[in-house]
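So the structure is just underneath, and the comments pick up after that.
Since every read-out is calculated from the coordinates, none of them should be taken as a lab result. Given the structure is predicted, the values throughout are model-derived calculations rather than measurements. In this analysis, Cβ positions are derived from the backbone assuming ideal geometry, glycine residues included, and neighbour counts consider all displayed protein chains.
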Amino acid sequence: MKKEIGGDLNKRALALSFAVMGLLVWATPVDASIGVSVECAENFHTIVSPFEPNFKYILTITNTGDAPDTFFIAVEGESAPEGWLVLGAGGFIKLNPGEVGYHAVVVEPTGTGSDNRLMLSFTVGSTSDPNTTAEIDITTEVKTLGDFYSLPRGSTVRGVVYDNLTKQPIPNAEVRLYLWNTNWWDQATTGVDGGYEIPTLSHEYLLEIWENYRTRSPPSLYMEVHAEGYRSYYENEIEPPEDGILTRDIYLERKDRTASYQLSWKNSLGFGVWKAPTSENWDYIAASTGEHDPPAPNEVVTYGAYLYDGNGTKLWDKETTAQVWGIDISKDGRYVAAGSSNPDDKLYLYDRITGSLMTHEAGGEVREVEFSHNGRYLAAGPVEGGGAGSVGLFDVDTGELLWQYDTGDWAREITFSPDDAYLAVGNSSDYLYVLNAEDGSLMWRRFHGGYVPFVLDISQDGSRIVTAGKSHEVRMFDGDGNLLWSFPTEQVVTDGKMSADGSLVVAGTVWGGIYCLDGEGNLLWRRVRPVGHNAVYITKNGKYIALGGPGIMLLDNTGSTLWEEEGGWVQWVRVSEDGSKILAGYGEPDEIRLYTGEIEKDTDGDGMPDSWEDTYGLDPNDPTDAEADEDGDGYTNLQEYQAGTNPLSASSHPPETPSQPENFWPE
């Protein structure tokens, strides 16, 4: 479907604020011909519940005039009436003559309204002549096939879970079959014979839905298998036959490593910890306060930026009048940069050595700040005198603004190339910009998938750039801006990271889908777990993955749990390259915590490291001694190890009534 209105055709007024537009860089010559067209390859879609939670439309916008122009994108009426969530209801896009651009719109029914149909009327117009517009309608319907557990279970998946070494059955293993929609699954627990049986949806049933409604959800299921002391098992394309049985015997490998951590220190910040980046050697830690939702009425909070040393001693703080979402620390720990939200709207630059604090009026919310790797430059946006989408490069020593570039909408992610020759900027209106660090000139610009990015990372050799966010997908570009691949996710990607060599990408969604992809965009495994907004991380060496959410979870790169600490709600998490330190920023309670420990070899996978078993005369090749009680004090050897007590002394044992941390699940 396509509609086009040129500058000399019937014009249509549109109520829209042009406060931001007045700051846009591109100016269209007075005598230029102005025109725009918009089309959408699929402008009608039926979302099938409970399989497909949302749908993503792509508007294709073309500058049909003969001069560069900036176009606004707006929707008439309510952009998100009751019962619906709409991402991408507005924005801006710059286009050269004849250039084609893209704008993503994600529509999601929330289940709170009574209307099962939504039509959105979009207008795309020139900021040079707002009467030059093009219009397009997109319509979304919802078809509910019923409650998930009432859907026809036309097939069965069954089998036995075995120990891969001994070939003995494993009881109490948990087997789950998930839809693409991570909210729904069938599950079973293996019996003493290691057997399980799960009545489930057939591949034919899923395929019929996929073919009839062109759903984003694939016609297959996702399997997860977890058992104490074993590596997790994942399979991504389970296709049970209609009126038949799919046999899946699973052979689990014993864990060969175990981890233990202790709380080293904690500090309260007075509000949730939004981010807490560290210096390269972890000797210094910066932190900022923020949460996705504003504080409750009458809640007493403190906003600001902080600097700690590695022992948790506070070295500096700056209280602000608003949340601080932009925060970074230079690799050597000398400088801290912070960007505050409205009404503060400032960029702060602190020098730990001199104690000086530079303050820049930004003219808008500073949502992202980033130091260059060499620590000489600071990129941030917006900058005073620029538009909302302006990004500036500052000299760190002098505070001088060296250059600025206007991306047209808020900069949400910024990262420097490993050699600091260029920087990548992801804005809130669909585009990834790569700018020359020397003069701010545009090297290339690409559609990043849509709306707001929360992930932006460059590989060590500069050959790969990954981005993800509210686009509901992960996109990988090469260093020249060519799209290598894209991978769809069931929901908004809130955080993620790429290993330094670009061989692994981990991304987590707002509904708890944790995706691990290889460098070619293939899904290695998917695990379901709630995570915090900034709490999905993989080390540069690709060995360890840290997750937030209802506590901390540390995984290896196969998706197997190494360590877990329950309690609270973790919004930010990082693990050191050697796995010896874990830093967590909590939204509940409002604390930053540093855990220290180690990851050790555990040959028999019983949860006790070989070195500990050797110390107390246990057998590192015998997994059964974990449940033994050498000193007869009523506690197993494993419990003694976890508590740090002596398994050979009855007078040394875990506390009689160990405290259990409260499990916090936000609404």
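Of ASN172, PRO199, THR182, which is farthest on the positive side of the dipole of the stretch 148-252, counting Cα position, with +1 on Lys and Arg Cβ, -1 on Asp and Glu Cβ, and the Cα centre as origin?
THR182
Multiplying the sequence separation of ASP622 and THR354 by 0.36 nm and subtracting their Cα-Cα distance, what value in nm do you get?
Between ASP622 and THR354, full extension yields 90.7 nm more.
Counting alpha carbon pairs within less than 8 Å and at least 6 residues apart, what relative contact order, in whole percent, applies to the stretch 343-437?
Values: 228 pairs, mean separation 17.9, N = 95.
It rounds to 19 percent for the stretch 343-437.
Rg and Dmax of the chain over Cα atoms: what are they, in angstrom?
26.8, 93
Run down the lysines and flag those whose C-alpha is under 16 Å from the C-alpha of LYS543, throwing out any fewer than 8 positions away in its chain.
Answer for LYS543, where 16 Å is the Cα cut-off: LYS255, LYS497, LYS581, LYS601, listed by chain and number.
Please report how far the C-alpha centroid of the stretch 309-331 lies from that of the stretch 119-182, rounded to the nearest whole angstrom.
Result: 39 Å between the Cα centres.
Using a 10 Å cut-off on Cβ atoms, rank the peptides 211-219, 395-403, 329-337 from the highest mean neighbour count down.
The packing order, highest mean first, is 329-337, 211-219, 395-403.
Cut-off under 27 Å on the C-alpha distance; same-chain residues fewer than 8 positions from LYS143 excluded. Which lysines are left, in chain and number order?
LYS2, LYS56, LYS470
Compare the peptides 311-320, 597-606, 499-508 by average per-residue count of other Cβ atoms within 10 angstrom and give them in order, highest first.
On the way: 311-320: 14.2, 597-606: 18.8, 499-508: 22.7.
Ranked from most to least packed, the peptides come out as 499-508, 597-606, 311-320.
The stretch 42-134: which GluC sites (Glu not before Pro) are DSSP loop and have at most 12 other beta-carbon atoms within 10 angstrom?
Listed in order of number, the matching sites are GLU42, GLU78, GLU82.
Cross-link partners among aspartates and glutamates for LYS318, C-alpha distance below 19 Å, same-chain residues fewer than 8 apart left out?
GLU291, ASP309, ASP328, ASP344, ASP345, ASP351, GLU361, GLU365, GLU368, GLU370, ASP590, GLU591
Taking 22 Å as R0, compute the FRET efficiency from the Cβ-Cβ separation of THR302 and GLU591 and round it to 0.05. Show your work: numbers first, answer last.
On the way: r = 13 Å, r/R0 = 0.58.
With a Förster radius of 22 Å, E is 0.95.
Compute, for the chain, the length of the dipole vector about the Cα centre, with Cβ point charges of +1 (Lys, Arg) and -1 (Asp, Glu) only. Units Debye, rounded to 20.
1660 debye
Sort PHE447, PHE454 so the one with the fewest other Cβ atoms within 10 Å of its own Cβ comes first.
By the 10 Å Cβ count, ascending, the order reads PHE447, PHE454.
Taking amide H positions as placed 1.01 Å from N in the peptide plane, with prolines and chain starts having none, which residues 5 or more places from TYR422, or on another chain, fall under 5 Å of its amide H?
The answer is SER417, ALA437.
Helix-only estimate, please: 222 nm mean residue ellipticity of the chain, summing -39500 (n - 2.57) across DSSP H runs of length 4 or more and dividing by its residues, to the nearest 500.
-1000 deg cm²/dmol
Could you sort the peptides 468-476, 276-284 by per-residue average Cβ neighbour count (10 Å cutoff), highest mean leading?
Descending mean neighbour count gives 468-476, 276-284.
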